[in-house]
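Written below as structure tokens is the structure these notes are about.
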Amino acid sequence: MKRLTIFLFALTALMALALNTAQAAEPTAADSQANARVRVAHASPDAPAVDVLVDGAVAFANIPFEEITNYAALPAGTYNIQVVPAGQPGPVVIEADLTLAAGTDYTVAAINTLANIEPLVMIDNNSLPAVGNAHVRFVHASPDAPAVDIAVANGGPVLFGNVAFGEVGDYLPVAATTYDLEVRIAGTNTVVLSLPGIALANRTVYTVFATGFALGGQPALNAVLVADAGPTRVRVVHASPDAPAVDVLVNGAAAFTNIPFEDVTDYAILPSGNYQVQVVPAGQPGPVVIDAYLDLEAGTDYTVAAVNTLANIEPLVLVDNNDLPQDGWAHVRFVHASPDAPAVDIAGEGGNIIFSNVAFKEATAYTPLLAGTYGAEVRLAGTNTVVLSIPSVTVDNQIVYTVFATGFALGGQPELNAVVSADAGAARVRVAHLSPDAPAVDVRVNGAVAFANVPFEEITDYAALPNGAYLVEVVPAGQPGPVVISAVLDLQLGTDYTVAAVNTLANIQPLVLVDDNTIPMAGKAHVRFLHASPDAPAVDIAVANGGPVLFSNIAFTEVGGYLPVDAGTYDLEVRLAGTNTVVLSLPGILLQAKTVYTVYATGFALGGTPTLNAVISRDAAGIKPVLEVNFLFDDGDGYNLNNFTLYSNLSFVDGNNDTGYWIFQPTNDRLYFAYNNGGCDGAYLGAVNGNSIAGLYICRDGSGQAGIWFGTVNGATAQLPVSNDVPASFWAR
């Protein structure tokens, strides 16, 4: 169950230590100045549902067998704990005094049969595991089961050995992946319980309880898996227009400092749980203008915005959906944070309403939009009255955005504004196997195989991943190990990466490249060079026969930066640096226009096998669809279609005379469509919001040949002719 509870005196901002801070510096949920956290586990198999009283008051009500409650925050101190049948004053079946230390989490489990029921008190370590890992511990709470082992099925390792009833295994770090587990009688292969498909999530803490009766009673032996803690992400938005810059304290420690108006912080990762959040003027110990407790759910992203004027400042807490949009699309939502603005509509350039009737403090649902550049208007709801024009907003592929309306709409300062935040989205990663004596490999990302059976000299396609930190591991193809490379990779929003395995197998290492796949100008290519031959000295890359040196003195694992060159075919040479000694000839290298390349020097230069080689990867290319219509067009005029970004160029080709009519003008990013005033009825390429095709209308020839209908242009029929005399074709490439 996802939950977000706010105990507020007046909340507004948040958060915590940035993603890249050391794990030891991350606060735990119980790290407040005076609080501990307690939860209850009902593991007595023949006991009814129970209530748990703390100092005589019901704190946990109607807890059935095998339920593990959420944590509750209590001030540090000593408490009297009583367990009674649910809804009844007695009898008291458990009574104990429990001393709680500040900043500590506890699980109090009721174990054993009802006749012998007793408390088992555990101290919980809910610190987040390292990236790519989970933490798991085992609690033996089956009263008639002997000591057991917990092992990976099918001959896998024993995770917990010889755990007796009432004992708790230590936390064990394991790869975050899915396991088939077995509960066995200790020291044997006798399986008493199979646990297939146990999924352990990244950076999540788990407890496994063995419950029930093992020797034939009811309820039967079972395993209950509980996610105790996991990562949650929170960010802060300062949207109170007349409030000063602020600092944010989390559990008493400064987390974010000097947050100005309209700042949207990065997300901070915290273990799930309860936190005290305080906001003070920047650089000052007080006054505390906001004091709140937040209960953050694992696996959930939150935005906490301070909205309204300073005199009426209040929190707006949003649950963020940062799932990746589909390829070609972005997701956008709108948050109304202008305190004096009435309800508004958000309209596109063509007048189409994207978000309607959004009032102050409301947030819309996420709306998918085609990636591209848009103009927009903020209007009074239900009218054409524009209160804010947004002439150009670019939404990139597979990115999630929030647009905040901020400031004062009715003349105050700061005035009405739109703040566009790129919240989350895709990074792209590919793998290059450049270790010459290593076998084919699998590459695991957070424990799951992402690239399988990658042989030497293969450069994979890019795979899109949500931005964030990932554990990347390389193992022999089809094998669980050994892990020959293990590294944490922090992927930034909208960035492309190449992760190369370089050097010999004995010294294999990762080399992480940030790829600039910006499409070159017309007539140009971009090329870079990576030296990945482990025994080769520094080299130059030059055009053969006395041509210029393109890359000079590049040593092993070094990368020559992107170089713009004229598109064409080149004879290249790899030379010992600073000499004319050629160690590898590369004749006939075709570099196409508007294309990005990487050249990899691979293999062994000094006589080993595989020998020195060059691998050229085509990393990115401009989209160049060509529209061909095989019937005669007379020379025509240009038709201005405004900005159009989906295609880089289009053309019409005269089927008789092979004459092209280019209709993309790269100098001003506008399309010009050739059309005929004579024998053809006309032609038109439509657009919506300046960036997406609405319709394609092609003229027919003067003879009125039958064909494929596309629509009408100014009342004239538009179609492709189809006949033996004038063969028609229509395609993009």
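Please label the shape of the range 528-582 as rounded, prolate or oblate, based on the square roots a ≥ b ≥ c of the eigenvalues of the alpha-carbon gyration tensor (a/c under 1.5 means rounded; beyond that, a/b larger than b/c means prolate, else oblate). It would help to have the intermediate numbers written out before the result.
Details: a/c = 2.20, a/b = 1.31, b/c = 1.68.
Oblate.
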(Q) If packing is taken as the average number of other Cβ atoms within 10 Å across a peptide's residues, how do 162-169, 477-484 rank, most packed first? (A) 162-169, 477-484
(Q) Can you list residues from other chains, or at least 5 along the same chain, whose modelled amide H is less than 5 Å from the amide H of GLY494? (A) ALA426, ALA427
Q. Considering the alpha-carbon set of the range 129-229 alone, what are its Rg and its Dmax in angstrom?
A. 12.9, 41
(Q) Sort 360-367, 268-275 by the packing proxy (mean of other Cβ within 10 Å over each peptide's residues), most packed first. (A) 268-275, 360-367
Q.
Along the charge dipole of the range 129-229, pointing to its positive end and built from +1/-1 on Cβ of Lys, Arg, Asp and Glu, which listed residue (ALA164, VAL139, ALA186) has its Cα farthest out?
A. VAL139
Q: List the relative contact order of the range 524-621 as a percent without decimals, with contacts defined as Cα pairs under 8 Å and 6+ residues apart.
A: 32 percent
Q: At most 10 other Cβ atoms within 10 Å and a DSSP loop assignment: could you name the chymotrypsin sites (Phe, Trp or Tyr not before Pro) in the range 533-574 that fit?
A: none
Q: With 10 Å bins from zero, work out the P(r) of the range 322-415 over every alpha carbon pair and list the percent per bin.
A: 17, 49, 29, 5, 0
**Q.** At 0.890 mPa s and 25 °C, Stokes diffusion of the range 43-198 via Kirkwood alpha-carbon radius, µm² per second
**A.** 141 µm²/s
**Q.** Debye, to nearest 20: dipole size of the range 129-229, +1 on Lys, Arg Cβ, -1 on Asp, Glu Cβ
**A.** 160 debye
Q: Determine the distance separating the Cα centre of the range 358-386 from the Cα centre of the range 426-472; give it in Å without decimals.
A: 40 Å
Q) Stretched out fully, how many nm does the piece from THR611 to ALA130 gain, at 0.36 nm a residue minus the Cα gap? A) 169.2 nm
Q. What list of ³J(HN,Hα) couplings, whole Hz, do you get for the range 243-253 from phi and the Karplus terms 6.51, -1.76, 1.60, once you set θ to phi - 60° and write x for glycine and proline?
A. 8, x, 4, 10, 10, 10, 9, 10, 6, x, 10
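With the cut-off at 1.5 for a/c, could you classify the range 449-597 from its C-alpha gyration tensor as rounded, prolate or oblate?
Working: a/c = 2.35, a/b = 1.46, b/c = 1.61.
Oblate shape, in that a/c is at least 1.5 and b/c is the bigger or equal ratio.
Values in this text are rule-based calculations from the coordinates and carry no lab data. Here the structure is a predicted model, which is why all the values come from computation and not from measurement. Virtual Cβ from ideal backbone geometry, glycine too; neighbours counted across all protein chains shown.
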